[in-house]
Each structure stands twice: as structure tokens, then as C-alpha cells.
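Here's the structure we're looking at; comments come further down.
The values are calculated or read from the model by the stated rules, or taken from the named source; none is laboratory data. None of the values given here were measured: they were computed from a predicted structure. With ideal geometry, Cβ positions are generated from the backbone for all residues, glycine too; neighbour counts draw on all protein chains shown. When the accessible area is computed, the model is the full protein with side chains, heavy atoms only, and any ligands, DNA or RNA have been set aside. Shrake-Rupley method; radii C 1.70, N 1.55, O 1.52, S 1.80 Å.
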Amino acid sequence: MNRKTVYEISKTKPREVEILHMRPEGSTAPKTLAWVQYLPGKGMDVTMRCYEQKPRAIWHNPNNDIYTDSCMEFYVNCFPEHPRKVYLNLEMNVNGAAFCSFGVSRHARSCVVDMGLPHPEVEAEKHEDYWQVHCLIPAKLFEALYGMPFEFPVGHRMEGNFYKCGDHTASPHWGSWVPMPRLDFHDPDSFGTFIITE
């Protein structure tokens with residue numbers, strides 16, 4: 001197992017991961033970090049930070065075209081052993097606006113609100129040298145999506161990826177934690193491994 005494509009999701013202390021792989025179709029993305037923590041009974045706590053002084057931030061409402069702004073994204077498939085590679089994707093900008101959907105690919109997914117489920121709430125902060133977003137994705141949302149308890153022992157394996165993009169920024173860019181064979185964030189075959197740890 002390649003340790004570079006394994007991210008340990010701790011129950012006690014979030015571990016840092018950096019987006020380092022850039023697609024050649026764009027420029028180099030600003031330095032972007034992420035931390036995820038599994039909180040039993042509560043959900044998955046996601047924080048992402050981008051060292052970008054003037055992020056593009058046009059959109060303000062849920063499920064707008066967030067990816068066209070300066071955007072940080074988290075994708076996770078909680079049960080990759082199941083035949084259908086169903087994942088949740090969360091896209092966030094500096095306004096705290098987010099796009100959240102669930103499905104198997106770019107063209108076969110639905111916004112969670114269209115499924116009658118609550119949209120995750122995102123908190124955003126803008127600082128002089130960086131901007132940051134934080135979201136607790138509720139356990140109840142995962143349970144409703146997967147129809148299974150959101151309860152994981154140490155060693156439970158998930159799959160996912162972290163991304164930074166900005167399709168309509170002054171310098172369009174597409175970066176990821178695990179490299180993509182083509183410019184497509186919605187490719188579960190290129191997800192890395194997440195492992196639940198203490």
C-alpha cells in the first residue's frame with residue numbers, strides 16, 4: 001500500500017494532508033491543506049485552508065457553481081466495499097457557500113437537498129494570507145445517504161480525495177491529493193484510501 005495515497009482519519013487528533021498534484025491543463029494551485037476528523041456519533045469534521053490572498057468568490061448560495069470560484073473540495077466514499085462506488089462530494093468557497101451531492105459520477109449524482117436531506121453548513125474565514133472553511137458533515141446525513149449506521153471501528157477503510165480548483169479564476173487550476181489520470185474530480189477509481197485511526 002502506497003503511504004502517499006493513504007490518509008489516516010483520526011478520532012482524536014486531525015492529521016494534515018496537502019494537495020500537491022496539479023493537472024497540466026492549468027497553473028499551479030495555491031498551497032492547500034486539509035484536516036479531517038471522525039467524531040463517533042457526530043459525523044466527519046472537515047477543515048481546509050488555502051494560502052490565497054484574493055480568492056474569487058462570486059457565489060453565495062448552496063449548490064451554485066462553486067467550482068468556478070476559488071474552491072476547495074472533499075470527496076468521500078464511506079463504504080467502498082459495496083458494488084456501487086457511491087460518494088459524497090462537498091465543494092466550498094470563501095463565502096461559506098457550498099455544493100453538496102451524492103452519487104457515482106459527475107453525471108449520476110443528486111444534490112442532497114433534492115433528496116430531501118439537509119445541506120451541510122459551512123463556516124468560512126478570510127485572513128490576510130489565507131482563507132479557510134470548516135464543515136461538520138453530520139452522521140445523520142451519512143446514515144440517510146447510505147442507509148447504514150455511521151459507526152466505524154479503528155481500521156475501517158474508506159476512499160476519497162481532496163481537491164483545489166478555480167475554473168474561472170485569473171489563473172485556472174486543478175489540484176488533488178491523489179493524482180488524477182485525467183481532468184475529472186468525479187472519478188472514484190482515482191480516489192485514495194482513508195483509514196480510521198485512534
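Label positions at E198 and S110, each projected 7 Å from the Cα along the C-beta direction, are separated by 4.1 nm.
Could you rank the peptides 72-80, 110-118 by their average count of other C-beta atoms within 10 Å per residue, with the highest value first? Could the numbers behind the result be given before it?
On the way: 72-80: 22.3, 110-118: 13.4.
Result, highest mean Cβ count within 10 Å first: 72-80, 110-118.
Between M158 and F194, I195, I196, the built amide H atoms are under 5 Å apart, and every one of these is 5 or more places off in sequence or on another chain. Couplings 3J(HN,Hα) for segment 15-27, derived from phi with the Karplus relation 6.51 cos²θ - 1.76 cosθ + 1.60 (θ = phi - 60°), are 9, 7, 9, 10, 7, 10, 9, 10, 7, x, 5, x, 8 Hz, where x marks Gly and Pro. Residues E128, E159, E81 ordered from highest to lowest accessible area at a 1.4 Å probe: E128, E81, E159.
The modelled label-to-label distance for the pair D129/E25, using points 7 Å beyond Cα in the direction of Cβ, is 3.3 nm.
With θ taken as phi - 60° and the Karplus curve 6.51 cos²θ - 1.76 cosθ + 1.60 applied, the whole-hertz 3J(HN,Hα) list for segment 114-129 is 6, 8, x, 10, x, 6, x, 8, 10, 9, 10, 10, 10, 10, 4, 10 Hz, x standing for glycine and proline.
Quickly estimate the mean residue ellipticity at 222 nm for the chain, helices only: each DSSP H run with n ≥ 4 gives -39500 (n - 2.57), and the total goes over all residues, rounded to 500. Before the final figure, lay out each step's value.
On the way: 1 runs with 8 residues, N = 198.
Mean residue ellipticity, 222 nm, calculated: -1000 deg cm²/dmol.
Heavy-atom accessible area, probed at 1.4 angstrom with all protein chains present, ranks W59, W177 as W59, W177, highest first.
Within segment 31-74, list the trypsin sites (Lys or Arg not before Pro) lying in a DSSP loop whose Cβ has at most 16 other Cβ atoms in a 10 Å radius. Intermediate results must be reported in sequence, preceding the final value.
Values: sites: K31, K42, R49, R56; in loops: K31, K42, R56.
Those that pass, being in a loop and sparsely packed, are K31, K42.
If you work out Cα extents along the principal axes in Å from the coordinates, which of (i) 52, 33, 33; (ii) 43, 38, 32; (iii) 103, 34, 30 do you get? Among (i) 52, 33, 33; (ii) 43, 38, 32; (iii) 103, 34, 30, the one calculated here is (ii). Evaluating 6.51 cos²θ - 1.76 cosθ + 1.60 at θ = phi - 60° for every residue in segment 146-163, the Karplus couplings come out as 8, x, 9, x, 8, 9, 10, x, 4, x, 4, 9, 10, 9, x, 7, 10, 9 Hz, glycine and proline recorded as x.
Using DSSP to call loops (not H, G, I, E or B), can you name the GluC sites (Glu not before Pro) in segment 1-67 whose Cβ has at most 10 other Cβ atoms within 10 angstrom? Loop-located and lightly packed - E25. One Cα centroid belongs to segment 42-97, the other to segment 118-188; the line between them spans 4 Å. Taking amide H as placed 1.01 Å from N in the peptide plane, the amide H of G43 sits under 5 Å from that of A139, each at least 5 places away or on another chain. Beta bridges per DSSP, both residues in the chain: antiparallel share near 90 percent.
With +1 on each Lys and Arg Cβ and -1 on each Asp and Glu Cβ, and nothing else charged, work out how big the dipole of the chain is about its Cα centre, in Debye to the nearest 20. Dipole of the chain, to the nearest 20 debye: 320 debye.
Only Lys, Arg, Asp and Glu count, each charged at its Cβ (+1, +1, -1, -1), so figure out the dipole size of segment 61-170 about its Cα centre, rounded to 20 debye. Write out the running numbers ahead of the final one.
Working: 8 positive and 15 negative charges, 99 e Å.
I would put it at about 480 debye.
Positive end of the dipole of segment 105-198 (Cβ unit charges, origin at the Cα centre): among W131, V112, T197, the Cα lying farthest that way belongs to V112.
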